[in-house]
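A.B. asks: I have a structure I would like to understand better, so I am pasting it below and will then ask my questions one at a time.
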Amino acid sequence: MGNEFMKEKSILKNTIYYLIYNVLNLLFPLISGIYAARVLSPQNIGEVTYSQNIVQYFVILAFLGIPTYGIREISNARKNKEELDKVFSELFFINFISTLFFLGLYFILILSVESFRNYSKLYLIMGMLLLFNIFNINWLYEGLEEFKFISLRNIVFKSISLLLLVWFVKDDTDYLKFAVIMTVGTIGNYLINIIYSRKYVSLKLKKLNFKRHLKSILYLVSVNIAIEIYTLVDVSMLGFFCVKEIVAYYVYGSRIYKILLQVMNTFTMVIVPRLSYLYSENKKNEFNEILTEAVKLILLLGIPMIIGIQYTSNNIITLIYGDKYITSAAVIKLMSILLVLTPIGYLLGSRILLITKNEKKMIIAVSLGAISNTIGNFILIRYYGEMGAAISTTLSEILVMLVYVYLGRKYYKLNLKFKELIKIIFANLVLFIFLKILNEIEIIKIIKIIVQISIGSMAYFLILILLKEELIYKKYIKNRRLKL
């Protein structure tokens with residue numbers, strides 16, 4: 001085996017590949033759901049979706065916290081082949097044992113609950129996701145910054161799944177085939193993961209030290225459970241206190257926000273392995289430089305996105321879902337401010353605490369978020385419906401961001417220049433005025449959306465180039481590549 005695992009990857013290319021990966025993960029359920037809705041009954045779609053949801057709880061528990069923890073450990077060990085093999089083997093076997101344990105609990109559940117037994121074939125099919133979780137080693141490739149492989153592999157299996165869906169699922173009796181196809185893309189990725197991993201690591205059986213990982217991954221399990229409560233409680237309480245239409249207004253609005261948030265987080269996620277490696281090598285200057293430029297990138301992309309949402313969300317919502325869902329636009333407008341705050345909290349708090357091996361502090365932030373969101377939803381939803389849930393979620397995310405930044409503040413030093421911030425503010429002010437003027441012009445909705453997004457984006461980045469904004473001008477224009 002060569003030394004390919006030691007090569008440094010381009011952060012710009014990794015960002016593009018990881019963005020493609022995340023966009024596909026968001027688009028595949030959307031496209032497959034649209035097709036399934038035309039050939040399957042709501043009852044059977046609901047059964048498949050619900051079974052998938054049940055399995056996902058077991059997958060999260062079985063994973064312990066390895067997807068997050070493993071990225072850091074693999075990144076730290078990637079220059080030492082012997083240590084890399086050892087870390088990979090230890091985490092692989094921990095996941096193996098944990099998955100078998102929760103697989104047993106899953107089978108006990110479906111055999112014990114009558115409503116699950118009635119759809120036993122469906123739950124057995126979905127249980128394959130849990131079984132093959134044994135081979136889910138995405139954390140290896142993320143730690144090695146192999147985002148090109150992750151993206152290309154995902155494209156292949158998502159495409160295969162869509163073709164199989166159209167080919168085999170023809171009417172309502174094919175809901176079990178639909179369930180099988182929903183697992184194909186995931187299981188295929190896992191199997192290719194294992195086969196391809198031999199290029200980078202070898203599985204070892206001797207001199208393994210599992211104990212050194214247990215404390216960290218158990219902390220991360222607690223974090224993951226708190227996050228699940230934090231992210232699910234709003235919809236649960238809306239369903240309990242309000243009519244189902246209110247739930248739909250909130251879900252449709254928050255779904256678009258989450259897609260945009262996923263895009264924003266992509267730009268920070270790809271640098272985590274590099275930051276982890278630099279921190280482990282005590283390269284503080286490079287560490288702080290990359291972190292500073294990542295924060296600037298969040299501001300450069302997030303602020304115009306927020307402004308754009310204020311002027312486009314009404315038309316986007318009515319164009320996609322119809323006029324009756326116009327209330328969802330208000331949800332997006334409010335939650336859009338988190339497109340800057342949440343990624344900053346994620347980067348300067350959650351990821352920094354993980355990189356610096358302070359993951360036990362992460363539970364403080366997510367627990368406060370879960371508690372505040374639960375209390376906020378309980379109070380606000382009964383009076384303000386979907387907007388009450390949006391307000392509660394927004395306030396809770398702000399709290400989590402502030403706690404995260406406070407907990408991680410002593411591990412980094414940002415070098416944000418005031419004059420560069422002024423340039424960003426000025427460019428966004430021009431964008432705001434441009435979109436406000438354009439919004440008053442009466443033209444066809446879809447044309448207005450296209451013009452607002454395309455012309456607005458070009459005008460925004462042109463202003464930044466003319467102002468010679470440091471990150472855009474020097475990295476993209478002068479050097480023609482991003483040297484993070």
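The values are calculated or read from the model by the stated rules, or taken from the named source; none is laboratory data. Bear in mind that the values here come from a model prediction, so they are computed numbers and not experimental data. All Cβ positions, even for glycine, are placed from backbone atoms using ideal geometry, and neighbour counts span all protein chains on display. Remember, those area values only see protein heavy atoms, side chains included, never the ligands or the DNA or RNA. Shrake-Rupley method; radii C 1.70, N 1.55, O 1.52, S 1.80 Å.
A.B. asks: If each residue of separation counts as 0.36 nm, what is the full-extension length gain between ILE450 and LYS419 once their alpha-carbon separation is subtracted?
C.D. replies: 8.0 nm
A.B. asks: Can you figure out the FRET efficiency of ASN358 with LYS79, using R₀ = 25 Å and their beta-carbon distance, to the nearest 0.05?
C.D. replies: 0.65
A.B. asks: Less than 14 Å apart at the alpha-carbon level, and either on another chain or at least 8 residues along: which aspartates and glutamates does that give for LYS445?
C.D. replies: Partners found: ASP323.
A.B. asks: Sequence neighbours fewer than 8 away in the same chain don't count; with that in mind, list the aspartates and glutamates whose C-alpha is under 15 Å from LYS121.
C.D. replies: LYS121 reaches GLU47, ASP174.
A.B. asks: Hey, can you rank 457-468, 368-379 by average C-beta count inside 10 Å, highest first?
C.D. replies: Ranking the peptides 457-468, 368-379 by packing returns 368-379, 457-468.
A.B. asks: Assuming R0 = 22 Å, what is the FRET efficiency of LEU438 and ILE320, from their Cβ-Cβ distance, to the nearest 0.05?
C.D. replies: 0.60
A.B. asks: Mind checking which lysines have their Cα closer than 16 Å to the Cα of LYS258? Skip sequence neighbours fewer than 8 apart in that chain.
C.D. replies: Cα-Cα hits under 16 Å: LYS333.
A.B. asks: On the protein heavy atoms, probe 1.4 angstrom, tell me the percent of accessible surface of the chain carried by carbon and sulfur.
C.D. replies: 67
A.B. asks: Something else: Starting from a Cα-only point model with no solvent, please compute log10 I(q)/I(0) by Debye for region 223-380 at q = 0.18, 0.20 1/Å.
C.D. replies: Values returned for q = 0.18, 0.20 Å⁻¹ are -1.15, -1.28.
A.B. asks: Between LYS258 and ILE375, what is the label-point separation in nm under the 7 Å Cα-to-beta-carbon projection?
C.D. replies: Placing both labels 7 Å beyond Cα along the Cβ direction yields 2.5 nm.
A.B. asks: Given an 8 Å cut-off on Cα distances and at least 6 residues of separation, report the relative contact order of the chain as a percent.
C.D. replies: Once normalised by length, the contact order is 18 percent.
A.B. asks: Please work out how much length the chain gains when fully extended from LYS211 to ASN282, using 0.36 nm per residue of separation minus the C-alpha to C-alpha distance, in nm with one decimal.
C.D. replies: Length difference between fully extended and current span is 23.0 nm.
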